[in-house]
Amino acid sequence: MQTKCPSLDVDIAFDIDESQIHEAYKSVIYRIVQESLNNAVKYSQATTAKVTLSDHNDAIHLSITDNGIGFDQTTIQEKLGLGLMSMSERAESVRGKMEIEAAIDQGVEIRASFPMVQ
Ligand SMILES: Nc1ncnc2c1ncn2[C@@H]1O[C@H](COP(=O)(O)OP(=O)(O)OP(=O)(O)O)[C@@H](O)[C@H]1O
Ligand SMILES: [Mg+2]
């Protein structure tokens, strides 16, 4: 049996120096990006995904978007699986916040923000 791996172009735009990112955030950011891209490959039928990381208003902002089939935002409570829930819990474990924005045929955006630690 042949397994097909869909192709997804990932555009990465990091507008932050690694030294600005608190050590405790790094694995959280990594896991959120990993699971978001896994989900994009598994469900979205997207051709492109974009990952951005930047800092403004004393916080670090992470966003992962895809241009795939998305889903109806009002069904989010029924949709939530272990992947999305654990991403959110990981963000909260370091006082961050995570949001999911989706719309049918307009892809999914996962946003997370983390307070800047001085
Ligand atoms: N990028 C996406 N595009 C379209 N649908 C998505 C996307 N990401 C998630 N979903 C939908 O949300 C559901 C929940 O995702 P979640 O990662 O929480 O669980 P899962 O991927 O089904 O299982 P797990 O991550 O535990 O292996 C998915 O089953 C899928 O229906
Ligand atoms: Mg998943």
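All of the numbers you see were taken from the coordinates with simple rules; none came from a lab. All figures in this text were calculated on a predicted structure; none of them were measured in a lab. Glycine also receives a Cβ, built like all others from the backbone with ideal geometry; neighbour counts cover every protein chain displayed.
Place a point 7 Å from the Cα of residue 93 along the Cα-to-Cβ direction; which residues of segment 9-24 have their backbone N under 13 Å from it?
Answer for this model: 24.
Roughly what percent of Cα-Cα pairs across the chain reach past 23 Å?
On the way: 2065 of 6903 pairs.
So the pairs more than 23 Å apart make up 30 percent of the total in the chain.
Just how many pairs of Lys in the chain have C-alpha atoms closer than 24 Å, counting pairs that are eight or more places apart or on different chains?
Qualifying lysine pairs in the chain: 9.
If I build a Gaussian network model for the chain, linking alpha-carbon pairs within less than 10 angstrom, which residue out of 36, 27, 86 has the largest mean-square fluctuation?
27
Among 66, 15, 55, whose mean-square fluctuation peaks in a Gaussian network model of the chain (Cα, cutoff 10 Å)?
The residue with the greatest mean-square fluctuation here is 15.
Give or take rounding to whole Å, what are the principal axis extents of the alpha carbon atoms in segment 30-80, in descending order?
33, 25, 18
Assigning unit charges at the beta carbon (Lys, Arg +1; Asp, Glu -1) and nothing else, what dipole magnitude in debye, to the nearest 20, does the chain show about its Cα centre? Walk me through the numbers before you get to the answer.
Values: 10 positive and 18 negative charges, 79 e Å.
About 380 debye.
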